[in-house]
Amino acid sequence: MRLVILDDYDLASEWAAKYICNRIIQFKPSQGRYFTLGLPTGSTPLGCYKKLIEYHKNGDLSFKYVKTFNMDEYVGLPRNHPESYHSYMWNNFFKHIDIDPNNAHILDGNALDLQAECDAFEKKIEEAGGIDLFVGGIGPDGHIAFNEPGSSLASRTRLKTLAMDTILANAKYFDGDLSKVPTMALTVGVGTVMDAREVMILITGAHKAFALYKAIEEGVNHMWTVSAFQQHPRTIFVCDEDATLELRVKTVKYFKGLMHVHNKLVDPLYSMKEEN
């Protein structure tokens with residue numbers, strides 16, 4: 001497990017974007033060999049997406065041979081609703097890059113048969129050869145995707161009832177009106193993300209500090225689903241200083257002492273201009 005600690009949100013977002021960029025370019029994706037990326041929504045990844053768009057517009061990065069799978073989607077929210085995750089992904093990322101819309105997979109929260117939709121999503125991931133890099137964020141209660149406290153750590157893509165903490169946290173996107181916030185969602189399972197060849201989790205802000213502490217300094221616990229990734233062979237937690245406030249001083253010192261190694265993963269920043 002790697003813990004990468006940057007000074008602030010912007011630097012953490014940039015480090016994550018550089019890492020994604022380098023992983024895609026090093027993979028050398030092509031017509032018969034797509035790089036498969038798992039993606040989150042929410043406020044945390046926005047800075048990372050902005051940097052990836054910047055790399056694309058500069059000609060350094062292409063998503064032509066990238067397939068994406070999003071973590072989750074609300075149930076019952078129209079696809080074109082401004083707070084649907086379809087809208088979020090297209091407005092904040094997909095419409096600014098050169099990805100083929102057929103390669104951007106997002107769960108359909110309005111499917112007639114929701115379980116069949118979840119099963120089909122798992123099958124699409126399998127047919128794509130699995131996920132090369134799954135990027136995730138977490139909630140203050142340590143949930144990844146919508147795998148709320150108490151979720152099985154072996155869970156697969158399924159219908160999930162949202163915890164009240166999550167509904168309260170998401171109310172800001174619905175004018176603060178709890179009655180407008182969806183109470184159910186389709187989500188990949190913890191096991192789905194664990195199957196990825198590599199996982200990168202973005203954690204920023206003091207309100208996520210206790211969750212980061214639970215994620216890395218205590219044992220694996222289904223009440224803090226992000227803690228499962230202690231057992232993944234290739235997990236990177238990328239955080240800012242504020243998110244480390246609940247960690248032991250020696251933990252922070254240990255991982256900061258490894259930053260010269262971690263920074264070699266993003267420096268130099270590769271470019272597809274050099275590859276062509």
Accessible surface of the chain, 1.4 Å probe, proportion on carbon and sulfur as whole %: 51
Pairwise label distance in nanometres, ASN221 with ASP10, each label 7 Å out on the Cα-Cβ vector: 3.6
Set of lysines near LYS214 by C-alpha distance (under 24 Å), chain-local residues within fewer than 8 positions excluded: LYS160, LYS250, LYS253, LYS256
In nm, spacing of pseudo-spin labels at LEU258 and ASP119 (7 Å Cα→C-beta vector): 4.1
Segment 90-100 - phi-based ³J(HN,Hα) in whole Hz, Karplus 6.51/-1.76/1.60, Gly and Pro as x: 5, 6, 9, 8, 4, 6, 9, 10, 9, 6, 6
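With +1 on the Cβ of every Lys and Arg and -1 on the Cβ of every Asp and Glu, and nothing else charged, how large is the dipole of the chain about its Cα centre, in debye rounded to the nearest 20? Kindly include the intermediate steps, with their values, before the conclusion.
On the way: 29 positive and 35 negative charges, 130 e Å.
Dipole about the Cα centre, nearest 20: 620 debye.
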Qualifying trypsin sites (Lys or Arg not before Pro) for segment 167-256 [loop in DSSP, other Cβ within 10 Å: at most 12]: ARG248
Low-density loop positions, GluC sites (Glu not before Pro), segment 152-221 - DSSP coil, at most 16 other Cβ in 10 Å: GLU217, GLU218
Contact order relative to length of segment 2-265, as percent, for alpha carbon pairs under 8 angstrom and 6 or more apart: 24
Estimated vicinal HN-Hα couplings, Hz - segment 214-221 in sequence order (Karplus 6.51, -1.76, 1.60; Gly, Pro = x): 5, 5, 10, 9, 10, x, 5, 8
Solvent-accessible surface (1.4 angstrom probe) belonging to LYS57, in square angstrom, nearest 10: 140
Calculated from backbone phi, Karplus (6.51, -1.76, 1.60) coupling profile of segment 13-20 in Hz, x at Gly/Pro: 5, 5, 4, 4, 5, 4, 5, 4
Semi-axes of the equivalent ellipsoid for segment 118-276, Cα gyration tensor, largest first, Å: 27, 22, 16
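The values are calculated or read from the model by the stated rules, or taken from the named source; none is laboratory data. It should be emphasised that the depicted structure is a prediction, and the values quoted were computed from it without experimental measurement. Cβ atoms come from the backbone with ideal geometry, glycine included; neighbour counts cover every protein chain shown. For the accessible areas, the whole protein counts, side chains as well, though only heavy atoms, and no ligand, DNA or RNA atoms are used. Shrake-Rupley method; radii C 1.70, N 1.55, O 1.52, S 1.80 Å.
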